[in-house]
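The values are calculated or read from the model by the stated rules, or taken from the named source; none is laboratory data. Note that the structure is predicted; figures quoted are calculated from it, not measured. Cβ sites come from the backbone with ideal geometry, for glycine too, and all protein chains shown count toward neighbours.
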Amino acid sequence: MFQKLLRIYSYLFAIASSCAHLALGLISKGTGTQLSLDNMPWKGDDLCDGDPELHHTFIEFSQINQVDPDKIEKSLGLHFKDDEEFQVWAESPGNLEVLCVAHHRAHYGIHVIPGPLWEALRFRKKGSEAAAEFVPASELAS
């Protein structure tokens, strides 16, 4: 299973050759998870900057032991045989998306901007003002 995840990670990094982030359309069906790169609303966003990184979309890795897999199943229409399958899913494309540094953990990052404002950034018109931006104290003028 680890080798399979390694191949998936390698594939994700290979397709993220530009700093534009890629919205991975991951659709859970009764037959499994389908990866579609056709619908990439963020590709070419003018706020993108930095290398591609993987973001845990639904369950942050640091919170994996604090969530209820039954609630995840109901919310996302999934079914896990056991805890091991849940753990594997948490590190799979079903719970991962590729973001550039700016949209992951920097100025426009999902980890530094409140959720509702970040979701507006996800679908922002190119060239329009961002709903929010995080500016560290070290970058503020005195």
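Summary of values
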read-out: Checklist (1) crowded, with 20+ Cβ neighbours inside 10 Å; (2) of a type outside the set (S, T, N, Q); (3) touching an Asp or Glu at 6+ places or on another chain (Cβ under 9 Å) applied to residue 101, failing item; value: (1)
read-out: Condition check for residue 64: in a loop (DSSP other than H, G, I, E, B), aliphatic (A, V, I, L, M) and at pLDDT 90 or above; value: no
read-out: Qualifying residue in the range 82-97 (condition: in contact with a helix residue (DSSP H, G or I) (Cβ under 6 Å, 6 or more places away or on another chain) and farther than 18 Å from residue 54 by Cα); value: yes
read-out: Restricting the range 110-142 to residues that are at pLDDT below 90 and among the hydroxyl-bearing types (Ser, Thr, Tyr), the residue that is nearest to the chain's Cα centre (by Cα); value: 138
read-out: Out of 88, 101, sole residue that is touching a residue at least 40 places away in the same chain (Cβ under 8 Å) and touching a Gly at 6+ places or on another chain (Cβ under 6 Å); value: 101
